[in-house]
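The values are calculated or read from the model by the stated rules, or taken from the named source; none is laboratory data. Note that the structure is a prediction, hence the values are computed from the model and not measured. When we count neighbours, we look across all protein chains shown, and the Cβ atoms used for this are built from the backbone with ideal geometry, even at glycine. Ligands, DNA and RNA are stripped out before the accessible areas are found, and what is left, the full protein with its side chains, is counted by its heavy atoms. Shrake-Rupley method; radii C 1.70, N 1.55, O 1.52, S 1.80 Å.
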Amino acid sequence: MKDFTFQIPTKIVFGPGRLMELDSLIQKDQNNILIVTDTAILTQTNIIKHTISILKTRNVFIFSEVEENPSFETIEIGAQFAKSNNIDSIIGIGGGSSMDAAKGIALRVHNKAKIKEIVQQDAVVKKIAPIICIPTSSGTGSEVTPFAVFTDTVTHLKHGFSHPDIFPSISLIDPELSYSMPPAVIINTGLDALAHAIEGYLSKLSFEMNDRLAIEAIKIIIENLENAVKKEAEAMNRMAYAALLGGMVISHSSTILPHIMGYPLTSFHGLAHGRACVVLLPTFLNYLNENDLASVKTKILNGLFMTKGGLENFIQSLGVSTRLADYGVKESEIPLFVKQTIVKGDIKITPGDITEKTITNIYRFAL
């Protein structure tokens, strides 16, 4: 049995309707609160308005310029806004982009180094503003991870960043906030949670306790994602729980090859993050099977999806193609995608000896 260390320093508050407890969770001396979100959450739902009413005794400021896959530039703008308003605490409300942006702004607001320098050059981080995460979708798990992903708009590269101090201090998961998700978002975020659980399970860093969380998350997603798309409340509650479990899994074992292979699909073809990761999973599992890698775990995974006709059939049953050509990907692009993937650290924790040829073949077989 493997030795392990398991730590989630985040206080997790889970349950329908628990957004009402938000004010009591924030320290009394934190009066200037910044909510980081996106325009859709702000204008198309009542979530922000409701949150402000709960925080009526505080000074609440809104930064809603977060785009999908937040850029370094957006983080800088948000940090300047936070500084100018003497922000005490930062709340990320939304999907993974809003929560990652909240983490980026919290990183930047008390440090002289720009976010790009912190992420790309490992600049010293002296102090981070307190972070609360409130997800409105069920997939990214950012509410319980020390990770954030930012986009360089010049190179079109996504840059993952990890720092123990960007674990949110509090994660408030109120599944009712996810009820307004359109079906396409339910599918994409649900598939992201599935990718987290499967990849975290297969990671070389995983261990028995982590594996059990991953398997539980996978089972919940198999049993509930289709009904969540139909807006069945209990299924959506269960998907929020599965996303939480998936986040805890990758906090300890990270994601592996399919995730980083999905980044170019998002950057160059606009695939939603969860979809970009999961479309490569069947081909990746075929690679593991053909090379007798992680055979015990792949056998377990195959068994879990047997009732759905296999992983690929489960994905396709949700209306998601697993063929890259259906998204406009051309074989001529593969060398660039490989070049951007091979430099990522997740290569080292993926089963097998991952080379440029390995990555090339997985992209090609998925075309």
Of all residues being in contact with a helix residue (DSSP H, G or I) (Cβ under 9 Å, 6 or more places away or on another chain) and either within 22 Å of LEU245 (Cβ to Cβ) or among the acidic types (Asp, Glu) (or both) in region 19-42, which is least open to solvent (accessible area, probe 1.4 Å)? Just the residue, please.
LEU19
Filter result for the condition that a residue is farther than 18 Å from GLY262 by Cβ and at pLDDT below 95, over THR298, THR355, THR307:
THR307
Do you know which of the residues in region 43-61 that are under 18 Å from ILE87 (Cβ atoms), at pLDDT 95 or above and open to solvent by 50 Å² or more (accessible area, probe 1.4 Å) is farthest from the chain's Cα centre (by Cα)?
ASN59
The lone exception for LYS297 - which of (1) touching a Leu at 6+ places or on another chain (Cβ under 7 Å); (2) farther than 15 Å from ALA197 by Cβ; (3) open to solvent by 30 Å² or more (accessible area, probe 1.4 Å) it fails
(2)
First in region 298-314 and closer than 23 Å to GLY352 by Cα, second anywhere and at pLDDT below 95, Cβ under 7 Å, 6 or more apart
THR298/ASN289
Report whether or not GLY160 is more than 30 Å from ILE54 (Cα to Cα) and in contact with a strand residue (DSSP E or B) (Cβ under 7 Å, 6 or more places away or on another chain).
yes
Which number in (1) farther than 13 Å from PHE268 by Cβ; (2) in contact (Cβ under 8 Å) with a residue 24 or more places away in the chain; (3) touching a helix residue (DSSP H, G or I) at 6+ places or on another chain (Cβ under 7 Å); (4) of a type in the set (A, V, I, L, M) marks the one condition that ILE342 misses?
(2)
Somewhere in region 255-276, is a residue more than 30 Å from THR5 (Cα to Cα) and among the charged types (D, E, K, R)?
yes
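If you check SER162 against the conditions, is it open to solvent by less than 10 Å² (accessible area, probe 1.4 Å) and of a type in the set (S, T, N, Q)?
Numbers: open to solvent by less than 10 Å² (accessible area, probe 1.4 Å): no; of a type in the set (S, T, N, Q): yes.
Taking the combined requirement at face value, the residue does not satisfy it.
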Test for ILE170: is it among the β-branched types (Val, Ile, Thr) and at pLDDT 95 or above
yes
Testing GLU68 on (1) surrounded by fewer than 24 Cβ atoms within 10 Å (Cβ to Cβ); (2) touching an Asp or Glu at 6+ places or on another chain (Cβ under 9 Å); (3) under 19 Å from VAL13 (Cβ atoms), one condition comes back false. Which one is that?
(3)
Residue in region 238-258 that is closer than 21 Å to LEU157 by Cβ, touching a Gly at 6+ places or on another chain (Cβ under 6 Å), of a type outside the set (A, V, I, L, M) and touching a residue at least 60 places away in the same chain (Cβ under 8 Å) present:
no
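Looking at LYS83, LYS112, LYS116, LYS103, which one is over 17 Å from LEU172 (Cβ atoms) and under 22 Å from the mean Cα position of the chain (by Cα)? Full working, then the answer.
Numbers: LYS83 fails: under 22 Å from the mean Cα position of the chain (by Cα); LYS112 fails: under 22 Å from the mean Cα position of the chain (by Cα); LYS103 fails: over 17 Å from LEU172 (Cβ atoms).
Going through LYS83, LYS112, LYS116, LYS103 in turn, just one is over 17 Å from LEU172 (Cβ atoms) and under 22 Å from the mean Cα position of the chain (by Cα): LYS116.
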In region 61-115, which residues are free of Cβ contacts under 8 Å to residues at least 60 places away in the same chain, on the phi > 0 side of the Ramachandran plot and not small (Gly, Ala, Ser)?
ASN86
